[in-house]
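One structure is given here, and the rest of the page talks about it.
The values are calculated or read from the model by the stated rules, or taken from the named source; none is laboratory data. These numbers were taken from a predicted model, which means no experiment stands behind them. Ideal geometry is used to build each Cβ from the backbone, glycine not excepted, and the neighbour counts take in all protein chains shown. To get the accessible areas, we keep the full protein, side chains included, count just its heavy atoms, and leave off ligands, DNA and RNA. Shrake-Rupley method; radii C 1.70, N 1.55, O 1.52, S 1.80 Å.
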Amino acid sequence: METLTNNCKEWETHEDALRQAEERMPDEDTLYDLAELYKMFGDSTRIKILYALVDTELCVCDIAQLLTMSVSAISHQLRVLKQARLVKYRREGKTVFYSLADDHVHEILSLGLEHINE
């Protein structure tokens with residue numbers, strides 16, 4: 001299969017570099033899961049919710065007021081974020097408080113912001 005691209009003037013492969021790339025490449029299931037994770041960051045409402053939870057835990061009503069959105073809309077997004085294991089919750093009586101699932105979520109947000117601000 002000798003397809004030349006605009007960047008390749010002649011067909012040549014670099015076996016050592018290809019082998020290293022192949023060894024680093026995660027399996028297909030892992031790559032699919034990673035793509036699904038990054039989809040969660042593709043919605044500005046979910047990003048706002050995650051940022052709201054960076055240093056504190058909030059209930060649905062708090063988040064709805066902060067983002068001036070309906071409780072129903074926030075609940076839906078929290079459900080999606082919970083399924084993606086990006087947020088966790090705890091009950092206190094009838095109130096459910098949400099927070100980031102772990103420090104990795106905060107790191108992902110911070111690195112993304114740092115990247116776009118460069």
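Data overview
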| item | result |
| --- | --- |
| Pick from the range 35-44, criterion outside any helix (DSSP H, G or I) and more than 17 Å from Ala101 (Cα to Cα), ranking: most open to solvent (accessible area, probe 1.4 Å) | Gly42 |
| Candidates Ala64, Ala73 - the one that is over 29 Å from Tyr32 (Cβ atoms) and either open to solvent by 90 Å² or more (accessible area, probe 1.4 Å) or part of a helix (DSSP H, G or I) (or both) | Ala64 |
| Enumeration of residues in the range 76-101 that are on the phi < 0 side of the Ramachandran plot and either assigned to a loop (DSSP other than H, G, I, E, B) or exposed (fewer than 14 other Cβ atoms within 10 Å of the Cβ) (or both) | His76, Arg79, Gln83, Ala84, Leu86, Arg90, Arg91, Glu92, Lys94, Thr95, Ala101 |
| In the range 102-116, the residues that are in a helix (DSSP H, G or I) and of a type in the set (D, E, K, R) | Asp103, Glu107, Glu114 |
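Residue-by-condition table, conditions (1) at pLDDT below 95; (2) in a loop (DSSP other than H, G, I, E, B); (3) surrounded by fewer than 10 Cβ atoms within 10 Å (Cβ to Cβ):
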| position | (1), (2), (3) |
| --- | --- |
| Glu10 | yes, yes, yes |
| Tyr32 | no, no, no |
| Arg46 | no, no, no |
| Val54 | no, yes, no |
